[in-house]
Every structure is written in C-alpha cells, then in structure tokens.
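Have a look at the structure below, then the notes.
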Amino acid sequence: MRKLLYKSPYAFLLSFLLLQTSYADNDTTHDSIFTDAEVRRILSFGPWPSTIPADPGNEFSGLSTAEKIGEKLFSDTDLSGDKTLSCASCHQAKKGFSDKLPLAQGVQQHVRNTQGLLDVGMQRWFGWDGGTDSLWAATLRPMLSDIEMAGDISTIATRLKEKPSIFNSLTQSGKHRNPISLTDEELVVGAAKTIAAYMRTLRSGTTDFDRYYQALVNNDINGQRKYSAAAKRGLKLFIGDANCHVCHFGPNFSNGEFHDTGRPFFTSIGKVDPGRYSGIKRVRADPYNLAGKFNRTVEASEIRKTNSVKLVQDNFGQWRTPSLRNLSLTAPYMHDGSLNTLREVVDAYADIDMSRLHSKGESILRPLELTNSQRNDLVQFLQSLTEQ
Ligand code: HEC
Ligand code: HEC
C-alpha cells in the first residue's frame with residue numbers, strides 16, 4: 001500500500017496516458033473551439049482530486065489520530081518562542097491557508113510571501129526555493145526560524161511535555177501503547193510530523209475547470225457549455241500561444257520544478273533573495289532532510305533526490321512553479337508578493353522584459369502579443385481554477 005502511495009506522484013501521468021488512449025478510441029464530442037490535440041492536452045490537467053503521496057520519512061503520515069493532534073498544534077502559539085504566533089497566524093483557512101499580505105510578518109519582517117497550503121502534500125520540494133524536501137521538515141523550519149516563529153527545541157519540548165494528551169500520544173507506541181523515551185529533539189520532530197500529517201489532508205474542491213474537464217471526459221456537451229466562453233478562450237491561450245502549460249501542468253498546474261520568470265531578486269530590505277540557489281544550499285545543510293536520521297519510512301529513491309540535487313549558477317533567481325489552484329484566495333502573487341492581481345500577473349508575462357531574466361536557460365518565456373480582451377480571457381481562465 002505504502003509503496004503504491006509513494007508512486008502516486010506519477011499517477012496523473014499514467015492516467016493522462018490512459019485517457020489519451022481511451023480518448024483516441026472513442027467517438028468524442030466537444031466544443032469546436034478546441035482541436036482534438038488541444039482536448040488531449042486539456043485532459044492532462046485532471047482528474048481532480050488526485051491522490052496525495054505519503055510524506056516521506058513521516059511514520060504518522062495518513063494516521064487519523066496523528067492528523068487530529070496535528071490540527072490542534074497547527075493553531076497552538078506554544079510552538080513560537082514568545083507564544084505570539086501559531087502556524088494559523090499566517091496560514092489562515094479562509095484565505096487558502098495564506099494571509100493576503102505581500103510579505104509574511106513573523107517575529108521579524110519576512111522577505112517572502114506566505115504560501116497557501118491547500119494541496120501542499122502534492123509537492124516534493126517545499127518553500128518558494130525548495131529549501132526543504134519533506135512536509136515534516138517544512139513544518140519544523142518555521143518553528144525554528146528566527147524570522148518566522150523563533151522557537152527552539154528545548155523550549156518547545158518543555159511546553160509539549162505540559163500537554164499530557166499530546167505528549168502521551170507521541171511517547172507511546174504499538175497496540176499496547178508501550179512507553180518509548182524520546183529526546184527533546186525527537187519529541188519536537190514527532191510534533192512536526194503530526195502537523196505535516198494534518199496538512200496532507202488540506203485539499204481544495206472541485207472547480208468550474210474540473211467540471212468542464214469531466215464534461216469532456218463524459219462527452220457531455222451540455223456540461224461543456226456551462227464553462228464560460230471567456231474561460232475557454234483563456235484556456236486555449238494557456239495551452240497554446242501563451243505557452244503557460246510548459247511549466248504549469250498536471251492536475252495541480254505545476255511541474256514542481258524551479259524557473260526564472262524575471263521577477264527582481266532585490267528584496268524590500270535592500271538585499272538579494274537568490275531563490276533556488278539558496279534553497280539547494282539550505283536543503284543540503286538541513287539536519288532534518290531526507291538523508292538525515294529522523295526519517296522512518298523513507299525510500300532510497302527519495303534520499304537520492306536530495307543527495308543528487310546540483311547547485312548551478314542558473315539556480316539564481318529561480319522559484320518553484322506554484323500551483324494555480326485557489327488563486328482567488330491567495331493574492332497577492334509571486335514569491336515576493338509583488339503582483340496584486342491576476343491581471344498584473346498576466347501583464348507581467350505578456351510584457352516580459354527579456355533582459356530581466358536572470359538565468360540563460362529560460363527560453364520558454366518571451367513577450368506575448370496579447371490584446372486587452374485576450375488578457376482578460378486568461379484571467380477568467382485562472383479564476384476558474386478556484387472552487388466556487
Ligand atoms: C510568519 C508567518 C508564518 C508562520 C508563523 C508560518 N509560516 Fe509557513 N510559510 C510562510 C512563508 C513566508 C512561507 C514561504 C517560505 C519560503 O519560501 O522559505 C511558508 C511556507 C510554508 C510551507 C511550504 C509550502 C509549499 O507550498 O512549499 C509549509 C508546508 C508551511 N509554511 C507550513 C507552516 C507550518 C506547519 C507552520 C507552523 C509550524 C508555519 N508554516 C508557520 C509563513 C509562515
Ligand atoms: C518558465 C516556466 C513558467 C511559465 C512558462 C509560466 N510560469 Fe507562471 N510561474 C512560474 C514560476 C516559477 C512562478 C513563481 C515566480 C515567483 O514567485 O517569482 C510562477 C507564478 C505564476 C503565478 C502566481 C502564482 C502565485 O501563487 O503567486 C501565476 C498566476 C502564473 N504563474 C500564471 C502563469 C501564466 C498565465 C502563464 C502563461 C502566460 C505562466 N504562468 C507561464 C513558472 C512559469
């Protein structure tokens with residue numbers, strides 16, 4: 001079972017290939033706006049919801065008792081040094097588990113935008129720069145970061161020991177609940193793993209796009225008509241002339257990789273945020289990475305992913321391609337929260353200044369000759385990726 005779950009990141013690829021075959025065999029009916037080839041491409045953005053892989057190294061992943069403890073800890077201010085902040089202070093449920101601020105406000109002013117957490121379990125690198133390689137390590141990071149929650153292992157462990165129900169669950173194992181002794185560090189890692197187990201359950205619902213997808217699969221022409229003409233035109237651009245699908249693909253609209261889209265890398269406090277370049281350094285130096293001793297269920301291939309990542313100059317100014325689901329909940333956009341609306345994002349792509357691209361490799365991006373109404377169509381399409 002676990003093995004299967006681990007393989008599931010590729011499940012969407014498999015379902016895409018299967019759909020492609022079954023689609024070709026069937027006599028399908030669809031709007032004339034799309035060619036058969038375009039419909040096949042659209043079918044690679046589903047089905048939704050897709051499966052969430054287990055959190056590597058996390059023995060609590062998928063256990064409902066752990067998820068419940070994690071849910072409580074998620075809003076517990078005891079995890080921050082001065083007891084003023086919890087995860088939920090910045091990751092607010094009503095805002096797609098983000099905060100609507102351009103830049104996060106922790107114990108110190110952050111230089112990055114708070115990421116939304118819906119469907120976060122689908123990622124394989126975490127943070128805008130991929131500075132952590134598992135969901136549980138991405139949970140521990142803000143707890144111990146001077147900028148975010150400024151906690152430390154011994155303070156957090158002392159506070160966890162004062163919560164009998166949580167402490168007992170973390171320090172008993174097996175059917176007979178045999179007591180196990182944990183160091184402070186193992187206790188805090190255990191708490192982080194329960195929060196990660198909870199975050200894996202944060203999923204977003206069915207969108208207008210998903211209903212259109214389903215109507216295409218079912219050859220349901222009436223269902224297809226319910227999707228607005230503007231969103232369809234936007235989708236046609238997205239998978240065609242505007243080339244967005246090259247990086248934003250699959251059911252989560254992200255290839256999970258790192259790219260440069262020409263955002264400036266000077267931060268509001270006059271420093272440089274090098275993006276993936278620092279993310280690779282961080283993940284390699286992290287004692288809680290997948291190659292470290294705190295992992296229980298990790299597979300060799302996952303450790304290889306972390307050990308084999310190479311630092312190159314082009315990583316400067318690269319960021320993880322975000323999912324495009326739930327965008328209506330998570331403005332402002334980009335790693336630095338510098339674009340306020342989806343129209344601003346579309347304009348930034350359409351009018352991209354090639355001399356602003358830092359890494360030489362991004363030949364995919366180029367200025368797009370889009371009219372005002374084409375830009376609005378793209379926005380309508382992006383809005384159709386949020387649950388209504
Ligand atoms: C001060 C606001 C703040 C607090 C408090 C905070 N976060 Fe975050 N969170 C952020 C920011 C900013 C990022 C992006 C960080 C980066 O790129 O390095 C982020 C990123 C993440 C990510 C990575 C998401 C992804 O898509 O890769 C996860 C997971 C996460 N936070 C979970 C948590 C948990 C769990 C807690 C509590 C233990 C927490 N955060 C506390 C602001 C916050
Ligand atoms: C070369 C890969 C690539 C291509 C092509 C691309 N994107 Fe992106 N996209 C990214 C990356 C990387 C980011 C994050 C950049 C950052 O944070 O500075 C991003 C960010 C975004 C965001 C902001 C999401 C958020 O949560 O902040 C939106 C919206 C978006 N892209 C839409 C599009 C559209 C529409 C197109 C086509 C016009 C497109 N992208 C083409 C890689 C790409």
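Determine which member of the set Phe266, Phe253 is of a type outside the set (S, T, N, Q) and buried (at least 20 other Cβ atoms within 10 Å of the Cβ). Walk me through how you get there before you give the answer.
Working: Phe266 fails: buried (at least 20 other Cβ atoms within 10 Å of the Cβ).
Matching residue, one of Phe266, Phe253: Phe253.
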Return only the number of the condition from (1) at pLDDT below 95; (2) under 27 Å from Glu186 (Cα atoms); (3) within 16 Å of ligand 2 (Cβ to nearest atom) that Arg263 does not satisfy.
-> (2)
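Is it the case that Asp99 is of a type in the set (Asp, Glu) and farther than 23 Å from Ala291 by Cα?
On the way: of a type in the set (Asp, Glu): yes; farther than 23 Å from Ala291 by Cα: yes.
So Asp99 passes the test.
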Please verify whether segment 278-290 includes one or more residues that are part of a loop (DSSP other than H, G, I, E, B), touching a Lys or Arg at 6+ places or on another chain (Cβ under 6 Å) and on the phi < 0 side of the Ramachandran plot.
-> no
Expected single match for at pLDDT below 95, out of contact with any strand residue (DSSP E or B) (no Cβ under 8 Å at 6 or more places or on another chain), in a helix (DSSP H, G or I) and charged (D, E, K, R) among Lys3, Lys68, Lys72 is Lys3
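Can you tell me which residues in segment 101-133 are among the basic types (Lys, Arg) and within 13 Å of Glu257 (Cα to Cα)?
Here is the first cut: in segment 101-133, the ones among the basic types (Lys, Arg) are 112, 124.
Matches in segment 101-133: Arg124 only.
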Only one of (1) among the acidic types (Asp, Glu); (2) away from ligand 2 (no atom under 16 Å from the Cβ); (3) closer than 20 Å to Arg325 by Cα does not apply to Glu148, and that is (3)
Mind listing whichever residues of segment 95-112 are buried (at least 23 other Cβ atoms within 10 Å of the Cβ), in a loop (DSSP other than H, G, I, E, B) and within 11 Å of ligand 2 (Cβ to nearest atom)?
-> Gly96
Close pairs (7 angstrom Cβ cut-off, 6 or more residues apart or separate chains): at pLDDT below 95 in segment 198-220, open to solvent by 60 Å² or more (accessible area, probe 1.4 Å) anywhere = Asn219/Thr29
Which residue out of Arg284, Arg343, Arg375 is within 21 Å of the chain's Cα centre (by Cα) and either within 23 Å of Asp260 (Cβ to Cβ) or surrounded by fewer than 18 Cβ atoms within 10 Å (Cβ to Cβ) (or both)?
-> Arg284
Filter result for the condition that a residue is within 16 Å of ligand 1 (Cβ to nearest atom) and at pLDDT 90 or above, over Arg343, Arg325 | Arg325
Does Gly70 qualify as being more than 7 Å from ligand 1 (Cβ to nearest atom), of a type outside the set (A, V, I, L, M), farther than 23 Å from Gly256 by Cβ and open to solvent by less than 20 Å² (accessible area, probe 1.4 Å)?
-> yes
Listed residues Asn58, Asn113; which is modelled with pLDDT of 90 or more, under 21 Å from Arg325 (Cβ atoms) and among the polar types (S, T, N, Q)?
-> Asn113
Failed item, numbered, when Trp125 is tested on (1) farther than 20 Å from Thr330 by Cβ; (2) crowded, with 21+ Cβ neighbours inside 10 Å; (3) of a type outside the set (Gly, Ala, Ser); (4) more than 6 Å from ligand 1 (Cβ to nearest atom) | (1)
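Hey, can you tell me all the residues within segment 298-319 that are assigned to a loop (DSSP other than H, G, I, E, B) and in contact with a helix residue (DSSP H, G or I) (Cβ under 7 Å, 6 or more places away or on another chain)?
Answer for segment 298-319, where residues must be assigned to a loop (DSSP other than H, G, I, E, B) and in contact with a helix residue (DSSP H, G or I) (Cβ under 7 Å, 6 or more places away or on another chain): Glu299, Val309, Leu311, Phe316.
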Considering every residue within segment 192-209, establish whether at least one is open to solvent by 60 Å² or more (accessible area, probe 1.4 Å) and more than 29 Å from Trp319 (Cα to Cα).
-> no
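The values are calculated or read from the model by the stated rules, or taken from the named source; none is laboratory data. It should be emphasised that the depicted structure is a prediction, and the values quoted were computed from it without experimental measurement. Glycine gets a Cβ as well: all are built from the backbone with ideal geometry, and neighbour counts include every protein chain shown. With ligands, DNA and RNA removed, areas are computed over all heavy atoms of the protein, side chains included. Shrake-Rupley method; radii C 1.70, N 1.55, O 1.52, S 1.80 Å.
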